[in-house]
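Before any comments, here is the structure.
The values are calculated or read from the model by the stated rules, or taken from the named source; none is laboratory data. The shown structure was predicted, so the numbers you read here are calculated from the model rather than taken from an experiment. Cβ sites come from the backbone with ideal geometry, for glycine too, and all protein chains shown count toward neighbours.
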Amino acid sequence: MDADRIRVLHVIHSSAFGGGPAMVDLLCSRLQGQGFEMAIVTSGEGELPARMSALGVPVISLPLATKGSFLRHLPQLAGVIRRQRPDVVHLHGHFAASLGQFAVQAAGRPATIYSAQWPAYLDDVNTYSRVRNWIAEWTSCRLANRVVAVSEHDRQTLIRRRMCAASKLTLIYNAYDPAKFPQAGNGERATTSGTMLGFVGRLVDQKGCDVLIQAMPKILAQHPDTRLRVVGDGEQRQRLEDLAGRLDVSRAVEFVGYRPMSAALMDELDIVVVPSRYEPFGIVAVEAMASGRPVVASAVGGLSEIVVDGKTGLLVPPDDADRLAGALSRLLDLPDVRAAMGAAAKQRVAERFSPLASIQAYAAEYHRLARR
């Protein structure tokens, strides 16, 4: 690392697709060599390692994807931090921010900034888990020099639940990468055979794809030419395919596996659906809106701050297949409204979720911490 530049080491437990890896990608690709030297420690999934290596950003792979493996490899992580000698360690997610702080302490306590991409309290299910997760999140915030909330909802939650002092918190929204969408956003799809709904994300319970499939019978009853393309993979794929079969909608639901978010992918879709049960931010919604697509999403977490109900898309209660079907049917009935929402969506993300604003905010935090 160049001694004349601020050295930032990113630690993220998984580099599979999602808001955290997307922001690491954006920060490293835009700031590397611009007064900063970046490096990444991650478990090595997804496209991020190859993309960063091509830019000259060192990527150190450690098996950090689970809590147990993260704990077992804390000595190795501490060794990486000592060798890299960063001015700032940027911790992404509560595994890195809570467990990773032990490695940071062992390596001489360089300054740390914690991005709460996935706050621990999202996994609360009972009294034990609430206490455990409160301790994990409190520890993450207490030991970090600065804490970034990726939505106002999470910022207020961290303060209200006394997990983090307001003076230590800052709000920096995740941002889309405009380089991924150079030609998208004209509001028109390349093909014209029926209307294409799109789900893009991990096939896990949190993302609520099952709710969308449950909504399909009612949608097809009114709009039989509608199709749903499920872009993603995960532990629930077989269960979701079976659900589509039981509901007799398999003919209209296509599972295509994981594909990276791009203009080409968005050009295949008319409406993007984000039926998450909970969502700290919702990068897929932002990327879809950047492509000029209206978004129908659950009114949870950061999604309520991204989608303007009735203007850039529609918001519905989570876990409500009937309300989701009604919202989608409404847009399917009104192609002119869809086009207007798509245009408004593109304008909103350019104004509210500017990559430049996000990058500048993080760069300012790095400078502040490096001077410490």
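For Arg229, indicate whether it is surrounded by 15 or more Cβ atoms within 10 Å (Cβ to Cβ), more than 30 Å from Ser358 (Cα to Cα) and at pLDDT 95 or above.
The answer is yes for Arg229.
Quick one: how many residues across the range 217-231 are in contact with a strand residue (DSSP E or B) (Cβ under 6 Å, 6 or more places away or on another chain) and either closer than 22 Å to Val300 by Cα or polar (S, T, N, Q) (or both)?
In the first step, residues of the range 217-231 are kept if they are in contact with a strand residue (DSSP E or B) (Cβ under 6 Å, 6 or more places away or on another chain); the result is 227-231.
Next, from what is left, pick out any that are either closer than 22 Å to Val300 by Cα or polar (S, T, N, Q) (or both): 230-231.
Qualifying residue count, the range 217-231: 2.
Which of the residues spanning the range 77-97 are within 18 Å of Ser15 (Cα to Cα), in a helix (DSSP H, G or I) and out of contact with any Lys or Arg (no Cβ under 9 Å at 6 or more places or on another chain)?
Our first condition is that a residue be within 18 Å of Ser15 (Cα to Cα); within the range 77-97, this holds for 77, 80, 89-97.
Those still in the list that are in a helix (DSSP H, G or I) too: 77, 80, 94-97.
Passing the criteria: Leu77, Val80, His94, Ala96, Ala97.
Tallying residues that are among the hydrophobic types (A, V, I, L, M, F, W, C) and not in a strand (DSSP E or B) within the range 220-263 yields 11. The set of residues from the range 312-357 being modelled with pLDDT of 95 or more and either closer than 30 Å to Val8 by Cα or outside the structural domain of Leu220 (by TED's automatic domain parsing) (or both) is empty. Scanning the range 253-287 for residues that are over 19 Å from Ala344 (Cα atoms) and hydrophobic (A, V, I, L, M, F, W, C), we see that the one that is farthest from the chain's Cα centre (by Cα) is Val253.
Would the range 140-159 turn up any residue that is touching a helix residue (DSSP H, G or I) at 6+ places or on another chain (Cβ under 9 Å), modelled with pLDDT of 95 or more and on the phi > 0 side of the Ramachandran plot? Looking for residues that are touching a helix residue (DSSP H, G or I) at 6+ places or on another chain (Cβ under 9 Å), modelled with pLDDT of 95 or more and on the phi > 0 side of the Ramachandran plot, one finds none in the range 140-159, hence no.
Tell me, which residue of the range 215-241 that is basic (Lys, Arg) and either touching a residue at least 40 places away in the same chain (Cβ under 8 Å) or in contact with a helix residue (DSSP H, G or I) (Cβ under 6 Å, 6 or more places away or on another chain) (or both) is farthest from Ile271 (Cα to Cα)?
Ranking the candidates gives Lys218 first.
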